[in-house]
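The structure under discussion appears below in the form of structure tokens.
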Amino acid sequence: MSLHNRIDVAILGAVLQEVVPFFSFIHENDRSFHFRGETLRIGTCNNLGLLIGTTGLGKVNAAITTAAILERFPVSQVWNVGCAGSYAGGPLRMGDVLISQEALCGDEGILTQNGPLSAESIGIPIFIHAERAVFDRIPLNQSPTVQRLHTLTPPGEYHLPPDGPPALSRRAGSSKPQEAQSTSEGQATPQTRCVNVGGVQVGKEAEHRRSFRVAYGPSLTVGMVSGDPAVADERFQKYGAFAENMEGSAVAQTCFRFDVPMTECRGISNIAGDRCKKNWRMETAMAHCQGIVAIWLTAHMAWLAAGDS
């Protein structure tokens with residue numbers, strides 16, 4: 001695939017462990033290369049142009065790389081993926097998936113001895129979009145493109161089958177559209193096999209929960225993650241976010257600047273404030289995140305084939 005051809009979806013995560021599970025979605029014209037210090041792969045999946053790559057850790061890296069990608073490549077939309085730490089007082093547990101409705105900025109504003117104040121206290125927005133001033137809460141569910149994706153994966157219980165074709169099925173509630181139910185060969189579906197790229201192993205058969213919940217809600221982006229439960233609880237009480245990460249608001253802000261639709265899908269790998277990685281479930285979180293993204297990609301391919309992209 002030429003670098004100048006159409007890229008329907010850019011799937012971006014901070015580090016290799018968060019994007020390697022998605023490399024298997026590229027079936028044809030696969031090309032891997034370094035770009036601005038990060039790893040990108042470009043190719044196609046049933047005529048759907050994909051770019052999958054890393055942005056680097058943290059807000060600065062995420063904003064720089066996302067901006068460079070959007071300047072260089074004809075990207076139609078961005079899906080920010082990866083792991084997140086959920087707040088113990090919130091509704092999510094390890095293995096669940098959060099689809100962000102808002103990206104909250106945890107470091108912008110005024111810091112006082114009583115805690116941070118909103119950036120609105122300064123009176124200067126971080127950007128203006130559609131004549132609306134945005135301070136520290138970036139809406140991620142207003143684009144019709146994003147809304148259409150989200151209808152495919154309503155909140156509720158999901159199940160990743162342990163046997164047979166690597167497919168995702170919804171257990172309860174309303175069923176998803178027909179095009180997202182297909183598990184035929186060649187379509188993007190959750191992978192249960194181990195993928196090894198650069199010594200990083202991800203995508204193994206989930207060892208813990210095969211069932212998980214999908215929730216929609218706010219995610220908090222911070223420069224420094226919670227280092228203990230007390231800090232995590234303070235952040236939860238302050239912002240009411242479901243989970244925290246280190247890149248989401250930066251990717252979102254960049255995409256707004258470029259007028260490119262963006263959504264964020266993150267698997268819960270740990271409880272915020274617990275820094276003991278023996279307790280984390282990154283592979284499970286990424287397998288479930290991948291399963292949700294697979295539904296979106298499968299539907300996107302069907303829409304493209306029908307001329308309704």
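Here M246, M282, M224 are placed in order of increasing Cβ neighbour count within 10 Å, fewest first, which gives M224, M282, M246. Packing, as the average of other Cβ atoms within 10 Å across residues, places the peptides 77-90, 24-37 in the order 77-90, 24-37, highest first. Working from label points 7 Å from Cα in the Cα-to-Cβ sense, the A230 to S121 distance is 2.2 nm. Phi angles of region 28-34 translate, via the Karplus equation with coefficients 6.51, -1.76, 1.60 and θ = phi - 60°, into HN-Hα couplings of 9, 6, 6, 9, 10, 7, 8 Hz per residue; Gly and Pro are given as x. Under 5 Å between amide hydrogens, built in the peptide plane, is the criterion, and for A88 it picks out A272 among residues at least 5 positions away or on other chains. By the count of neighbouring beta-carbon atoms within 10 Å, fewest first, K238, K277 end up ordered K277, K238. With R₀ fixed at 41 Å, the C-beta to C-beta distance from K238 to E131 puts the FRET efficiency at about 0.90. Extension gain for R275-R31 works out to 84.3 nm (0.36 nm per residue, less the C-alpha to C-alpha distance).
A simple packing score, the average count of other Cβ atoms within 10 Å per residue, orders the peptides 9-18, 58-67, 122-131 as 9-18, 58-67, 122-131, with the highest score first.
Bear in mind these aren't lab numbers, they're just calculated from the coordinates by the rules spelled out. All of these numbers come straight from a predicted model, not from anything done at the bench. Methodologically, a virtual Cβ is constructed for each residue, glycine included, from the backbone with ideal geometry; neighbour enumeration extends over all protein chains shown.
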